[in-house]
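The values are calculated or read from the model by the stated rules, or taken from the named source; none is laboratory data. These numbers come from a predicted model, not from an experiment. For neighbour counting, all protein chains shown are included, and Cβ atoms are generated from backbone atoms with ideal geometry for every residue, glycine included.
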Amino acid sequence: MDLITKESGQLAKNASLQACEDSVDALLEFLEQAKANVGDKQHIAQVHTLYTNQVAPQLTKTPNDVHKAISRYGKALDRTFKLNVNSAASSIVQIASDNDDSKEAVESREELNRAIAVHLLRLGEFDTANIFLGESATNLPPLLVEQFELLYDILKSMGERNLQPAIDWASDHQRFLDCRGSDLEFQLRELQFKMLLSQKEASAALAYARTHFQRYQQHYLKEISRLVTSILYSYTGNSPYEGDAYGDDHSAALKNVQQTLIKEFCTLLGLSSESPLVQAVSSGTVALPILAKMGGIMKTKRTEWTSSNELPVEIDLPPEFQFHSVFVCPVSKEQTTDSNPPLMLPCGHILAHDTLKAMSKESDRYRFKCHYCPEETTFPHTRRVYF
């Protein structure tokens with residue numbers, strides 16, 4: 001890592017595109033001067049000498065410096081991270097080609113296209129999203145596009161220090177936010193109060209607090225008390241609540257509220273707060289070194305992984321990438337899947353579908369005993385469990 005840090009510093013120092021722009025600007029200025037004096041033979045000779053001795057060497061040197069810095073940084077990465085990406089995909093991940101017209105491949109491509117389109121909408125790139133939807137022949141619900149346009153209109157207003165559209169949205173969806181235990185609406189009201197007070201509008205801030213803070217007293221009485229008390233120090237310049245309500249720049253607080261708004265907005269639409277593409281790339285970055293190592297081992301031993309929808313090694317992803325519980329059958333030691341789901345017996349014990357089928361001898365009438373208690377039952381009396 002020391003080598004990468006060193007080369008990264010050199011890259012930042014030498015690979016500046018500003019130097020290239022300066023060289024091009026100097027060349028343009030030089031050409032303009034030459035054009036203005038094209039009839040002066042003596043000046044033409046001077047210009048030729050100046051170009052040969054100063055301009056031309058600089059034009060050659062600057063791109064070379066940039067190329068060398070980038071090349072050295074790339075080599076440092078290769079020496080530090082000796083990762084064969086091809087081995088990670090070989091015999092482990094099967095990727096459908098564009099020419100594969102099977103139902104599964106077509107559905108996979110459609111899902112990927114929709115994920116890309118929604119990702120562009122999340123970024124606010126509506127023109128790019130529309131072009132992509134047209135070129136990929138992908139359909140998205142018009143209401144979804146309209147909702148993201150509304151979201152970015154609200155975020156734009158917040159960036160201009162106008163919180164009212166966001167407050168109106170939170171008020172319209174008050175029941176939804178309350179059911180989730182979200183404090184978005186209070187955060188917006190709190191930030192609006194702070195912005196009024198930072199503008200030395202103590203009377204307006206007090207009136208705002210009287211009008212809007214009452215409904216939040218049950219859950220946010222301590223926060224409201226601090227905010228209202230801070231009015232007493234609004235002109236002293238020496239307040240114990242300095243961090244609560246003072247300062248003209250509310251950028252950090254505004255950014256936090258915007259992130260909360262995006263999260264709640266996406267949840268209301270039935271979407272995760274993070275883009276699935278971002279999550280896939282981030283989790284893939286964690287898994288890639290492990291898969292590459294496993295691929296290298298399999299290549300050395302000349303073996304292939306033949307099980308579908310299952311990785312050859314366990315990959316311990318961080319908690320933020322774990323969205324549901326995983327159940328492993330205590331008898332077969334196999335992880336349950338959609339085709340082999342967990343089933344609960346009347347006694348409350350849970351086993352995998354295939355395990356219970358084997359215990360019931362593939363018969364709905366055969367009575368079998370639970371693996372963990374004496375109670376007997378039949379297969380039709382089991383119930384599927386959802387985690």
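Count, please, the residues in segment 153-179 that happen to be within 21 Å of K222 (Cα to Cα) and touching a helix residue (DSSP H, G or I) at 6+ places or on another chain (Cβ under 7 Å).
Looking only at that region, the number is 1.
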### Residue count, segment 182-203 (criterion: at pLDDT 90 or above and of a type outside the set (D, E, K, R))
8
### Message
I need the helices (runs of 4 or more DSSP H) fully contained in segment 103-197, keeping only those with at least 3 residues that are out of contact with any Leu (no Cβ under 6 Å at 6 or more places or on another chain) and in contact (Cβ under 8 Å) with a residue 12 or more places away in the chain.
### Response
103-122, 126-135, 142-159, 164-172
### Task
Only residues that are under 20 Å from R175 (Cβ atoms) and either surrounded by 17 or more Cβ atoms within 10 Å (Cβ to Cβ) or of a type in the set (S, T, Y) (or both): list them for segment 201-218, please.
H212, F213, Y216
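Suppose the filter is touching a residue at least 24 places away in the same chain (Cβ under 8 Å) and within 36 Å of the chain's Cα centre (by Cα); does L206 pass it? Steps first, please.
Details: touching a residue at least 24 places away in the same chain (Cβ under 8 Å): yes; within 36 Å of the chain's Cα centre (by Cα): no.
Considered against the rule, which asks whether it is touching a residue at least 24 places away in the same chain (Cβ under 8 Å) and within 36 Å of the chain's Cα centre (by Cα), L206 comes out as no.
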### Query
Are there any pairs with C-beta distances below 6 angstrom linking a residue in segment 69-81 that is touching a residue at least 40 places away in the same chain (Cβ under 8 Å) to a residue that is aliphatic (A, V, I, L, M) and surrounded by 12 or more Cβ atoms within 10 Å (Cβ to Cβ), with the two at least 6 apart or on different chains, and if so which?
A69/L11; A69/A15; I70/A15; Y73/L11; A76/L3; A76/I4; T80/I4
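Answer yes or no: is there a residue in segment 282-298 that is on the phi > 0 side of the Ramachandran plot, of a type in the set (K, R) and not assigned by TED's automatic domain parsing to the domain that holds V145. It would help to see each step written out before you state the result.
Initially, segment 282-298 is screened for residues on the phi > 0 side of the Ramachandran plot, giving none.
The answer is no, given that none of the residues of segment 282-298 is on the phi > 0 side of the Ramachandran plot, of a type in the set (K, R) and not assigned by TED's automatic domain parsing to the domain that holds V145.
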### Query
Which of the residues spanning segment 123-182 are surrounded by 13 or more Cβ atoms within 10 Å (Cβ to Cβ) and at positive phi?
G124
